[in-house]
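Colleague: Could you have a look at this structure, given as structure tokens, before my questions?
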Amino acid sequence: MRYLVLFLIAFLIITSKIFPQNNFTYIGVDQCVMCHKTEKQGSQLSIWKNSKHSKAYETLKTEKANQIAKEKGFTTPAVETSECLKCHATGYNLDKAMLGNKFKIEDGVQCETCHGPGSAYKDMKIMKDRALAIKNGLIVHEEKEKFCIDCHNAESPTYTGFEFEESWEKIKHYVPKN
């Protein structure tokens with residue numbers, strides 16, 4: 001019995017290191033932009049606000065979106081259809097415990113869609129250390145095009161082709177080097 005208990009303890013320690021549990025939660029655009037709205041930070045807020053990503057959820061509220069959903073055989077409005085929401089909104093399918101009190105699904109395709117839940121990397125001290133930010137949940141896509149193609153593909157009923165380089169020029173949002 002004693003060996004079984006020791007084995008279980010060792011197993012739990014090893015698996016917790018191999019499969020770490022995180023409690024990262026989504027904080028919402030309003031929290032991200034506290035630091036990412038200034039010119040010094042690359043004006044990321046205005047880039048996002050002027051992009052179609054910021055309006056992605058809103059497009060699901062249109063009659064055109066509902067018509068497309070109906071033509072695809074869905075019986076719910078587009079704004080309630082998970083096949084539509086998967087590319088038009090972050091957080092629609094998450095447990096409410098993973099969504100901070102300032103998070104709004106209505107923000108559509110927002111910061112945390114691409115960069116992951118920000119609760120553990122939002123602090124300035126962490127964000128100034130890229131490796132530490134990544135350790136705390138920040139996602140930095142090395143292959144951006146592959147990530148974008150998850151939504152910008154022929155599965156979308158309004159797909160007309162996707163030119164990554166052209167699209168990236170519209171939304172790229174680097175922090176300028178000082």
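Read-outs throughout are calculated quantities, based only on the coordinates presented, and are distinct from any laboratory measurement. The model shown is predicted, which means the values in this text are computed figures rather than measured ones. Here the Cβ positions follow ideal geometry from the backbone for every residue, glycine too, while neighbour counts run over all protein chains shown.
Colleague: Label points 7 Å out from Cα along the Cβ direction at E58 and L94: separation in nm?
Modeller: Between E58 and L94, the label points sit 2.3 nm apart.
Colleague: Is there a quick way to get the dipole size of the range 25-114? I mean about its Cα centre, with the Cβ of Lys and Arg at +1 and of Asp and Glu at -1; what is the value in debye to the nearest 20? Mind dumping the intermediate values first?
Modeller: Details: 13 positive and 11 negative charges, 35 e Å.
Dipole of the range 25-114, to the nearest 20 debye: 160 debye.
Colleague: Here's a follow-up. Can you give the charge dipole size of the chain about its Cα centre, rounded to the nearest 20 debye, using +1 on the beta carbon of Lys and Arg and -1 on the beta carbon of Asp and Glu? Intermediate values should be presented prior to the final figure.
Modeller: Working: 25 positive and 22 negative charges, 149 e Å.
Taking the Cα centre of the chain as origin, the dipole is about 720 debye.
Colleague: Which one of F164, N93, N153 is farthest out on the positive end of the charge dipole of the chain, using unit charges on Cβ (Lys, Arg +1; Asp, Glu -1) and the Cα centre as origin?
Modeller: Final value for the positive-end residue is N93.
Colleague: In a Gaussian network model over the chain where Cα atoms closer than 10 Å are linked, find which of T90, T113, T81 has the largest mean-square fluctuation.
Modeller: T81
Colleague: How much length is gained if the chain between S156 and Q67 is pulled fully straight, taking 0.36 nm per residue apart and subtracting their Cα-Cα distance, in nm to one decimal? Could the numbers behind the result be given before it?
Modeller: On the way: separation 89, 0.36 × 89 = 32.04 nm, distance 1.39 nm.
30.6 nm is the gain from fully extending S156 to Q67.
Colleague: Can you check how the C-alpha radius of gyration of the chain compares to 2.2 N^0.38 Å, as a plain ratio? Before the final figure, lay out each step's value.
Modeller: Working: Rg = 19.6 Å, N = 178, 2.2 N^0.38 = 15.8 Å.
Dividing the Cα radius of gyration by 2.2 N^0.38 Å gives 1.25.
Colleague: Specify the inter-centroid distance of the range 57-111 and the range 125-141, based on alpha-carbon positions, in whole Å.
Modeller: Their Cα centres are 28 Å away from one another.
Colleague: Then there is this: Compute the FRET efficiency between D30 and E163 as 1/(1 + (r/R0)^6), taking r as their Cβ-Cβ distance and R0 = 30 Å, and round to the nearest 0.05.
Modeller: Numbers: r = 31 Å, r/R0 = 1.05.
Efficiency, from the Cβ-Cβ distance: 0.45.
Colleague: Let me ask something additional. Taking 0.36 nm per intervening residue step and subtracting the Cα-Cα distance, what contour gain separates F147 from E39 on full extension?
Modeller: Values: separation 108, 0.36 × 108 = 38.88 nm, distance 2.65 nm.
36.2 nm is the gain from fully extending F147 to E39.
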